[in-house]
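So the structure is just underneath, and the comments pick up after that.
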Ligand SMILES: Nc1ncnc2c1ncn2[C@@H]1O[C@H](COP(=O)(O)OP(=O)(O)OP(=O)(O)O)[C@@H](O)[C@H]1O
Ligand SMILES: [Mg+2]
């Protein structure tokens, strides 16, 4: 990689993309997410006397909360049908249904069941709503509160825009419901959403662009050593008495070192210049980067072995990186896609990298928490490399 | 003399194509061995199997007592290679390239430095040591390409068409280098489709065609295959604008074989010559004609007459020693290059 232009692309492009994606989608964080509440228990309440029925109490607590108002635009809808329609046409991200038997269940101490209707295209916003609702509802009963989520099957709009601000909103919501001067009488029982770091669009795309461009860089580096001189210098090299493992290992090492250098530059630039939050565990972050690099090197070896010409490899490489980046969630979070497609991210080197980095970033995960993703990347590296070498041998 | 490279019944297929088809020959220590054949004959494939780049489908190669199948490291240590394609790093200087390849052959320290100097000297490029290889002419690259293969003083040097596409001066330099290396005791396997190079350089020659060895031996042994008839080579004005037979067999700098059909007027001329009493055979070799006769002097008059009768313009006619071109023609019915 003596080519300064290539270096410029590999270091400059991610920074530019982080800025574009981050600022284009950053606005989404400021506007509230539209949600609705439907109280179906009304008129069915058996509660008598001066006390308001628990359903009323819940709904008004939600509607009147100033803190929630910062995050959500909440309206009350009269019917479930209307709520479903609005979720489906995207005018609201989610709706909470307080079911008909709610008050009786609370009164008799039975488990309380709330229903959240949500649009799969704005899962994260809806997910926040769901968490908040769970937290709210928990105070009404000693019995467990369960929230059942019903997906509405229509997707449109710009899910990634909602997505982008999602992390920050989760954090704000949690803060709202957990702070001491929060809503009167509200205690969070559900600890699941605790400990999340607020992340913004620039944080998300900071990670994803670095993951993707590391892949470009390592792929590029691997091709320039594996493929470019394959028929000539590599052949001559393989005809020297130096052991093959040493030759191939040496090449891979140089790719690896260059990749780690690229990572260092991108890490420092994104973290200190753009303020991207990488999370606390730098070591774990670096280990994940190293594992990604190995996986990409394996991928490059495979591509080099199946592509008949250097040109073909040069064409396939970037295409593969882009597909990997796409299904790995580099351009928008895969969580906005329907559940059944989500496992595709595990076919992607970027996907595994993002999973691990995301955990370090938002959940404060450390090396011990991300070893699964690291192991997956190493396994990908091993398998692809072995197949690549085997294919190369087979061609000879 | 002892055998240093033994090629036993070697086979290599690429899909349907049998690129090397049961090839067997031996190379003696200290000789320059020529591997001569037209484009696509399987020369590079054979060399690649000797140098452990391709695994044989069948057969084996023994180099300095080691099998390529079981002891490839030892084989590679005994060999030096000059690949057909330039195998150098264009952005590195001549000295850097040599240093790199020397190291790959296990040289280091003083030994490496001396080898680099030796290589530069040999290539006649000592004054260009610090110049990037990408700025070199084709001939200069070829010379460095050769030097990179001999830094470690291999027992056997495999050279795959080392003179393709270069100027006559560089070519002479290279041929002289090969002779020098050989004088120092290096066994050389010299691959080419230029028969005159092989003729002047090589002690023994194997002629390959379509993956098979069709003949091998010394130049004299190969010549004897054509019999003791006289060879008459004829150049025609119309068909051969270049003119002489020398041009046809001389410095064919393109090295590209064209699959040309013999034109009908040429066929008519050949038919006429074959009618001349005493002529045993007449063939087209590219743009020239090759005529065999028991006694050249007795048929020359008749041959010239029949050419004139066919309306062709005679440029040159000569009686020649049978060369490898004649041998190849005799064995295959085709010219080596055409
Ligand atoms: N890797 C390969 N895959 C498929 N076919 C091949 C491969 N290498 C060589 N061939 C074919 O095998 C035949 C022999 O090729 P080879 O390169 O050995 O010929 P050659 O005698 O060196 O010719 P040239 O003078 O052109 O270098 C050719 O028909 C060639 O197309
Ligand atoms: Mg060849």
Do we find that residue B:86 is surrounded by fewer than 21 Cβ atoms within 10 Å (Cβ to Cβ), assigned by TED's automatic domain parsing to the domain that holds residue B:125 and within 20 Å of residue B:120 (Cα to Cα) in this structure? yes
Pick out the one residue from B:76, B:69 that is away from ligand 1 (no atom under 16 Å from the Cβ), surrounded by 18 or more Cβ atoms within 10 Å (Cβ to Cβ) and within 14 Å of chain A (Cβ to nearest Cβ). B:76
Of those in the stretch B:8-19 that are away from chain A (no Cβ under 14 Å) and within 14 Å of ligand 1 (Cβ to nearest atom), the residue surrounded by the most Cβ atoms within 10 Å (Cβ to Cβ) is B:10
Can you confirm whether residue B:50 is in contact (Cβ under 8 Å) with a residue 60 or more places away in the chain, within 14 Å of chain A (Cβ to nearest Cβ), within 16 Å of ligand 2 (Cβ to nearest atom) and under 18 Å from the mean Cα position of the chain (by Cα)? yes
What number of residues within the stretch B:289-322 are part of a loop (DSSP other than H, G, I, E, B) and surrounded by 19 or more Cβ atoms within 10 Å (Cβ to Cβ)? 2
Flag if residue B:164 is within 16 Å of ligand 1 (Cβ to nearest atom), in a loop (DSSP other than H, G, I, E, B) and touching a residue at least 24 places away in the same chain (Cβ under 8 Å): yes
Determine whether residue B:68 is away from ligand 2 (no atom under 16 Å from the Cβ) and touching a strand residue (DSSP E or B) at 6+ places or on another chain (Cβ under 8 Å). yes
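Residue-by-condition table, conditions (1) away from chain A (no Cβ under 11 Å); (2) more than 16 Å from ligand 2 (Cβ to nearest atom); (3) under 27 Å from residue B:222 (Cβ atoms):
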{"position": "B:54", "(1), (2), (3)": "no, no, no"}
{"position": "B:59", "(1), (2), (3)": "yes, yes, yes"}
{"position": "B:81", "(1), (2), (3)": "no, no, yes"}
{"position": "B:94", "(1), (2), (3)": "yes, yes, no"}
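Conditions (1) outside any helix (DSSP H, G or I); (2) surrounded by fewer than 23 Cβ atoms within 10 Å (Cβ to Cβ), marked per residue:
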{"residue": "A:253", "(1), (2)": "no, yes"}
{"residue": "A:267", "(1), (2)": "no, yes"}
{"residue": "A:276", "(1), (2)": "yes, no"}
{"residue": "A:287", "(1), (2)": "no, yes"}
{"residue": "A:290", "(1), (2)": "no, yes"}
{"residue": "A:295", "(1), (2)": "no, no"}
{"residue": "A:300", "(1), (2)": "no, no"}
{"residue": "A:319", "(1), (2)": "no, yes"}
{"residue": "A:326", "(1), (2)": "no, yes"}
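The values are calculated or read from the model by the stated rules, or taken from the named source; none is laboratory data. As the structure is a computational prediction, the values presented were derived from the model and not from experiment. Methodologically, a virtual Cβ is constructed for each residue, glycine included, from the backbone with ideal geometry; neighbour enumeration extends over all protein chains shown.
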